[in-house]
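Trainee: Would you mind keeping the following structure in view while I ask a few things?
Only the coordinates and a few stated rules stand behind these numbers; no lab work does. Being a predicted model, the structure only gives us computed values, none of them experimental. Quick reminder, even Gly has a Cβ in these numbers, built from the backbone with ideal geometry, and neighbours come from all protein chains shown.
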Amino acid sequence: MPRIRIESTRKLEPYAAGELMNTVAETVVTTLALASDDQNVSFTSFEPEMFRMKPPYCLFIEILLFAGRSSDTKKRLYRSIVEAIERKHGIAADRIMIVMNEQPRENWGLRGGKAADEINFEYKINI
């Protein structure tokens, strides 16, 4: 149940932003072996004076999710995301910054206010 936030230093047309969201969300779902409909993703673009990133970065991706993935899984996810974006959207891999923000399951309130550590999910978290 990751929450994905994509922020860009450049304006994208709605269709292009939607396609970028799809690329990132589908890569996260595939790499983490989640259900295909397990997508919570947003895109925000900023005017140049409202968002500064150290060059060469122009795209910031934050993935908020339950703690538990191995270092190898995280590294595979980072590589998969930048490769997919470069291939499908022409944004060079070295222009993309990714931050994974892992949280204990008890920090998430879901499905009517239940703590996530009380919910049996259909996928493995410790991969």
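Trainee: Residue pairs, Cβ under 6 Å, 6 or more apart or interchain, first in segment 102-127 and of a type in the set (Phe, Trp, Tyr), second outside any loop (DSSP other than H, G, I, E, B) and surrounded by 12 or more Cβ atoms within 10 Å (Cβ to Cβ). List them.
Mentor: Every condition considered, the pairs that remain are Trp108/Ala116.
Trainee: Still on this structure: Consider only pairs whose beta carbons are under 8 Å apart and that are at least six residues apart or on different chains; among these, list those whose first residue lies in segment 3-23 and is under 15 Å from Arg95 (Cβ atoms) and whose second residue is outside any strand (DSSP E or B) and of a type in the set (Ser, Thr, Tyr).
Mentor: Pairs that qualify, where the first residue is under 15 Å from Arg95 (Cβ atoms) and the partner is outside any strand (DSSP E or B) and of a type in the set (Ser, Thr, Tyr), are Thr9/Tyr57.
Trainee: A further question follows. What is the residue count in segment 1-31 for residues that are touching a strand residue (DSSP E or B) at 6+ places or on another chain (Cβ under 8 Å), surrounded by 14 or more Cβ atoms within 10 Å (Cβ to Cβ) and either over 23 Å from Ala115 (Cα atoms) or not charged (D, E, K, R) (or both)?
Mentor: 14
Trainee: Here is a follow-up. Asp94 passes all but one of (1) touching a residue at least 12 places away in the same chain (Cβ under 8 Å); (2) under 21 Å from Met1 (Cα atoms); (3) acidic (Asp, Glu); which number fails?
Mentor: Failed condition: (2).
Trainee: Suppose we keep only residues that are in contact (Cβ under 8 Å) with a residue 40 or more places away in the chain, within 13 Å of the chain's Cα centre (by Cα) and farther than 15 Å from Val99 by Cβ within segment 35-75. Which one would you say is surrounded by the fewest Cβ atoms within 10 Å (Cβ to Cβ)?
Mentor: Asp38
Trainee: Among the residues of segment 6-25, write down those that are within 15 Å of Ser42 (Cβ to Cβ) and acidic (Asp, Glu).
Mentor: Hits for segment 6-25 are Glu7, Glu19.
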